[in-house]
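Trainee: Got a structure for you, questions after.
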Amino acid sequence: MSESTVVVTEASAAAIGSKVSFGGGATSFASFIAGINWLGWIGVGIAIAGLLVNAYFSWQRDKREKAEHTLRMKQLNHECNIEEKT
């Protein structure tokens, strides 16, 4: 899988996770107002699932950015055999 495909996939999953978290919170609030307890628990579950998805993809992005930073620092210090394309 190419790097751009991975970046696009992670960005879209993070955006979906955000919307899922918001949807879960909205569902919880609506069920609280309506007095439906089981719907509130489903909303809380959806919100937690969205939070976990966001946390996972943020962790993946952080790992990728650290690796890029390490490589870039080596390149600036001339410690690797990568040449810039001009």
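The values are calculated or read from the model by the stated rules, or taken from the named source; none is laboratory data. It should be emphasised that the depicted structure is a prediction, and the values quoted were computed from it without experimental measurement. We place every Cβ from the backbone using ideal geometry, glycine too, and count neighbours over all the protein chains shown.
Trainee: What are the residues in the range 41-76 that are hydroxyl-bearing (Ser, Thr, Tyr) and within 29 Å of PHE22 (Cα to Cα), if any?
Mentor: TYR56, SER58 - these are the residues of the range 41-76 that are hydroxyl-bearing (Ser, Thr, Tyr) and within 29 Å of PHE22 (Cα to Cα).
Trainee: Give the number of residues within the range 34-79 that are modelled with pLDDT under 85 and surrounded by fewer than 12 Cβ atoms within 10 Å (Cβ to Cβ).
Mentor: 8
Trainee: Scan the range 21-33 and report the pairs whose first residue is surrounded by fewer than 13 Cβ atoms within 10 Å (Cβ to Cβ) and whose second residue is not basic (Lys, Arg), with Cβ atoms within less than 8 Å and a gap of 6+ or a chain change.
Mentor: That search, which allows pairs on different chains as well, returns PHE29/GLY43.
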